[in-house]
Amino acid sequence: MPELPEVETVRRGLAPVMEGAKIVAVEAHRLDLRWPLPKDFARRLTGRRVEHLGRRAKYLLAALDDGEVLVMHLGMSGSFRIAHVTSDKTPGEFHHPRGKAGTHDHVVFHMSSGATVTFNDPRRFGAMLLVRGDKLAQDKLIRALGPEPLDAAFTAAVLAAACASKKTSLKAALSDQRVVAGLGNIYVCEALHRAHLSPRRMAAILSRRNAPTEAARSLVKAIRQVLSAAIKAGGSSLRNYVKADGELGDFQHRFRVYDREGAPCPTPRCKGKVRRIVQAGRSTFYCPVCQR
Ligand SMILES: [Zn+2]
């Protein structure tokens, strides 16, 4: 499942062909993804200009010139593909000929920029919704989300306050989208390793007498570092995830502990080996020697 860095990579891939461009035509081949497409989906989008392509947690948010926001989620297996007219000399010739991957191409946007943006999703856990811009913050998908981990508002004090009375592990707390938005199994494991904190420690250790502890400070720093590095690397390409421009990301080679059971711990001078345990039904990877 794509995590925040992958979604941000997709956003950055789509922005140049969508922002400022008009949606000239929409093909909706499947009317049901995770949920049914909104009523009159193609008609409501046709002729609209995309004013801004933003992101909240793992939702892509295309703000339209009529005040509506096209909310898009990749689900488990969703991806976007961009095709361009190759050059002025060969109009109509595409890098990715249409029909090539047809079966799971559920939605196609034809943009005035000359690009087509195709949403492909074999498992159909992805979503496309239309929400009024002024109602977005109150939408049931958005309103419960915690702070964006890369925003300045996500501080050690904020994280500590959210965890102070939690009776769960650090792993469970960081996976909770109300505590911090957009983190999943991979980056929770990676951030805890960088912060040298055991995923089994109680989340409440981040707060002491209503103030953030040193652990909270190093964890916030680690979360920012691991996400920034992943975005820089272009997101991971686990399973069938592909970047918006059709290229695979390469971040999976850089995981320090995730999916590396038995490998030597990458912390300098640590003699530990990466261990896998199961927490709340999900694999956790960590080093029992340098993560305490
Ligand atoms: Zn270690």
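Report, ordered by the first and then the second residue, all pairs with beta carbons closer than 7 Å, sequence separation of six or more or different chains, a first member in the range 12-29 that is touching a residue at least 40 places away in the same chain (Cβ under 8 Å) and surrounded by fewer than 17 Cβ atoms within 10 Å (Cβ to Cβ), and a second member that is assigned to a loop (DSSP other than H, G, I, E, B) and of a type in the set (Val, Ile, Thr).
Ala25/Thr46
What about Ala144, is it small (Gly, Ala, Ser), at pLDDT 90 or above and open to solvent by 40 Å² or more (accessible area, probe 1.4 Å)?
Values: small (Gly, Ala, Ser): yes; at pLDDT 90 or above: yes; open to solvent by 40 Å² or more (accessible area, probe 1.4 Å): yes.
Yes: the conditions hold for Ala144.
Given the criteria open to solvent by less than 10 Å² (accessible area, probe 1.4 Å) and over 29 Å from Leu60 (Cβ atoms), does Leu159 qualify?
Working: open to solvent by less than 10 Å² (accessible area, probe 1.4 Å): yes; over 29 Å from Leu60 (Cβ atoms): no.
No: the conditions fail for Leu159.
Of (1) in a loop (DSSP other than H, G, I, E, B); (2) at pLDDT 95 or above; (3) more than 13 Å from the ligand (Cβ to nearest atom), Tyr241 satisfies all except one. Which?
Every listed condition holds for Tyr241 apart from (2).
Note down all Cβ pairs under 7 Å where the first residue falls in the range 192-217 and is without any contact (Cβ under 8 Å) to a residue 40 or more places away in the chain, the second is open to solvent by 40 Å² or more (accessible area, probe 1.4 Å) and of a type in the set (A, V, I, L, M), and they're at least six residues apart or on different chains.
From the range 192-217, the pairs are Ala215/Ile205.
So is Ser165 surrounded by 20 or more Cβ atoms within 10 Å (Cβ to Cβ) and not aliphatic (A, V, I, L, M) or not?
No, not satisfied.
Does Arg30 satisfy the criteria of being modelled with pLDDT under 90 and in a strand (DSSP E or B)?
Judged against the criteria, Arg30 is not a match.
Check Gly235 against each of (1) surrounded by 15 or more Cβ atoms within 10 Å (Cβ to Cβ); (2) more than 16 Å from the ligand (Cβ to nearest atom); (3) at pLDDT 95 or above and name the one condition it does not meet.
Failing condition for Gly235: (3).
Considering only residues that are within 16 Å of the ligand (Cβ to nearest atom) and not in a strand (DSSP E or B), look in the range 269-287 and name the one that is nearest to Arg194 (Cα to Cα).
Top of the filtered list is Cys287.
Residue check: is Val220 within 16 Å of the ligand (Cβ to nearest atom) and at pLDDT 95 or above?
So Val220 fails the test.
Scan Arg12, Arg44, Arg55 and give me the residue that is part of a helix (DSSP H, G or I), at pLDDT 95 or above and of a type outside the set (S, T, N, Q).
Arg44
The values are calculated or read from the model by the stated rules, or taken from the named source; none is laboratory data. Since this is a predicted model, take the numbers as computed values, not measurements. No Cβ is skipped: glycine too gets one built from the backbone with ideal geometry, and neighbour counts run over all protein chains shown. Protein only, heavy atoms only, side chains kept; ligands, DNA and RNA dropped before computing areas. Shrake-Rupley method; radii C 1.70, N 1.55, O 1.52, S 1.80 Å.
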